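Student: Please find one structure pasted underneath; my questions will follow.
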Ligand SMILES: Cc1cc2nc3c(=O)[nH]c(=O)nc-3n(C[C@H](O)[C@H](O)[C@H](O)COP(=O)(O)OP(=O)(O)OC[C@H]3O[C@@H](n4cnc5c(N)ncnc54)[C@H](O)[C@@H]3O)c2cc1C
């Protein structure tokens, strides 16, 4: 079998893989770059199924990768979107405390904003309602973050794909990587064998599987959570995004509002444990072996309430009950009486969440692991869409110079 040689091979053609390819071709135009993607497009998973929010970086402790690359990535992503005249709503975000506990986290968030260089203002309930008449500041206080914006994530990814191709990069769809030899740099698909000077594992929901294929020792297991959204009927409009001040012990931002380019307002996403990597609806995308092991692993953690997972599960159960999502959203927004809310089946995502089995916690930062010729990007959870430009800079500087 013939072997195609490349300078850089990227496994996974979602936003993280595409931005890496794009930046690589800008930095080293002569080098050959190949992206290998198992689907027939770049937006089947996280990249095409997220809220499309360009996050500011206010949430994350300053020393984390999420803080560093969210802040640097967000600025670049915004510039990119503007330079290509793609849709963007620079609407800003309101963060509201929804309980005594989240009220206590407000000063910590403001401190993180300061440390991360994010513009944020504490405002009174009246000031917030003047900005967004539908927000419901039950504690008469909240944070305004002007930088936060919304884009169309599919449009962004497809634009970067066009740029990669224009710059001479190759993107190979319908090719699943089935083997990785990290020592010699070989990558196998059902049709072809490739050899890369460097290989980047940007396989999102499957990044831990690719890491396993290449034999890297790991203390992590996969623990996916589904994010489901609900859609308001079209007469309900919002100018700002409204988020809760989240439980900072968990890597989730909480149910919030987001709107799309047509002005449709959604609330979500949920954080429901799910027992298959692609189990977007019903019984689809379930594999029996994985289903059994994820079910066992989750219920064990739930039994011992590891990382507050039992509390989270009960809260999620509440969202399944009639009126649950109205109740959840009523601590953020008002004027929803009589406005129909339905499940947005077109908008369901699954988080590539990993769990640290040694330290017993849901990993809350991105994890980068070097193994011979391979660099693995694990736990590419939110805000990896926002952070993709920053992450790409770091990986090119540290692993490809
Ligand atoms: C509900 C939800 C809402 C979110 N909202 C936001 C938000 O508002 N803002 C934000 O910044 N982030 C958000 N995120 C996070 C964001 O969507 C992800 O972090 C981001 O999409 C990760 O991109 P990726 O390229 O790593 O993954 P993906 O988009 O999943 O791409 C990985 C690709 O690898 C491919 N692949 C997997 N295995 C193989 C293989 N063996 N061979 C070849 N190809 C393979 C997959 O098919 C996939 O296309 C959200 C996530 C969820 C779930």
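Student: Being outside any helix (DSSP H, G or I), farther than 28 Å from residue 248 by Cβ and touching a helix residue (DSSP H, G or I) at 6+ places or on another chain (Cβ under 9 Å) narrows it down to one of 17, 13, 57, so name that one.
Tutor: The match here is 13.
Student: Would you check if there is a residue in segment 107-114 being surrounded by 17 or more Cβ atoms within 10 Å (Cβ to Cβ) and under 18 Å from the mean Cα position of the chain (by Cα)?
Tutor: Within segment 107-114 (the criterion being surrounded by 17 or more Cβ atoms within 10 Å (Cβ to Cβ) and under 18 Å from the mean Cα position of the chain (by Cα)), the answer is no, since none of the residues qualifies.
Student: Step by step: first the residues of segment 321-351, then only those that are in contact with a strand residue (DSSP E or B) (Cβ under 6 Å, 6 or more places away or on another chain) and outside any strand (DSSP E or B), then the one that is farthest from the ligand (Cβ to nearest atom). Which residue is that?
Tutor: Among those residues, the one meeting the criterion is 339.
Student: OK, next. Identify all residues within segment 34-60 that are within 11 Å of the ligand (Cβ to nearest atom) and touching a strand residue (DSSP E or B) at 6+ places or on another chain (Cβ under 7 Å); write none if there are none.
Tutor: 35, 36, 37, 46, 49, 50, 51, 52, 53, 54, 56
Student: Here's a follow-up. How do the pairs read when you match residues in segment 278-302 that are on the phi > 0 side of the Ramachandran plot with residues anywhere that are in a loop (DSSP other than H, G, I, E, B), using Cβ under 6 Å and keeping only pairs 6 or more apart or on different chains?
Tutor: Listed by first residue and then by second, the contacts come to 285/276; 285/278; 285/279.
Student: Among 6, 31, which is the only one that is crowded, with 16+ Cβ neighbours inside 10 Å, in a loop (DSSP other than H, G, I, E, B), more than 11 Å from the ligand (Cβ to nearest atom) and modelled with pLDDT of 95 or more?
Tutor: Checking each option against the conditions leaves just 31.
Student: Also: Whether any residue in segment 187-198 is farther than 24 Å from residue 396 by Cα, within 14 Å of the ligand (Cβ to nearest atom), outside the structural domain of residue 275 (by TED's automatic domain parsing) and touching a helix residue (DSSP H, G or I) at 6+ places or on another chain (Cβ under 8 Å) is what I want to check.
Tutor: no
Student: Another question about this same structure. Scan the strands (runs of 3 or more DSSP E) fully inside segment 120-178 and keep the ones with 2 or more residues being in the same structural domain as residue 97 (by TED's automatic domain parsing) and away from the ligand (no atom under 14 Å from the Cβ).
Tutor: Because the criterion is at least 2 residues that are in the same structural domain as residue 97 (by TED's automatic domain parsing) and away from the ligand (no atom under 14 Å from the Cβ), the strands (runs of 3 or more DSSP E) in segment 120-178 that meet it are 121-124, 141-145.
Student: Residues of segment 215-256 being part of a strand (DSSP E or B), closer than 30 Å to residue 185 by Cβ and more than 15 Å from the ligand (Cβ to nearest atom), which ones?
Tutor: 220, 221
Student: Also, I was wondering about something else. Being closer than 30 Å to residue 56 by Cα, out of contact with any strand residue (DSSP E or B) (no Cβ under 8 Å at 6 or more places or on another chain), assigned by TED's automatic domain parsing to the domain that holds residue 133 and in a helix (DSSP H, G or I) narrows it down to one residue among 308, 263; which is it?
Tutor: Being closer than 30 Å to residue 56 by Cα, out of contact with any strand residue (DSSP E or B) (no Cβ under 8 Å at 6 or more places or on another chain), assigned by TED's automatic domain parsing to the domain that holds residue 133 and in a helix (DSSP H, G or I) holds for just one of 308, 263, which is 308.
Residue-by-condition table, conditions (1) in contact with a strand residue (DSSP E or B) (Cβ under 7 Å, 6 or more places away or on another chain); (2) within 30 Å of residue 222 (Cβ to Cβ):
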site	(1), (2)
96	yes, no
125	yes, no
169	yes, yes
180	yes, yes
197	yes, yes
204	no, yes
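The values are calculated or read from the model by the stated rules, or taken from the named source; none is laboratory data. Values in this document were obtained by computation on a predicted structure and should not be read as measured data. Neighbour counts are summed over all protein chains in view; Cβ atoms, including those assigned to glycine, are modelled from backbone coordinates with ideal geometry.
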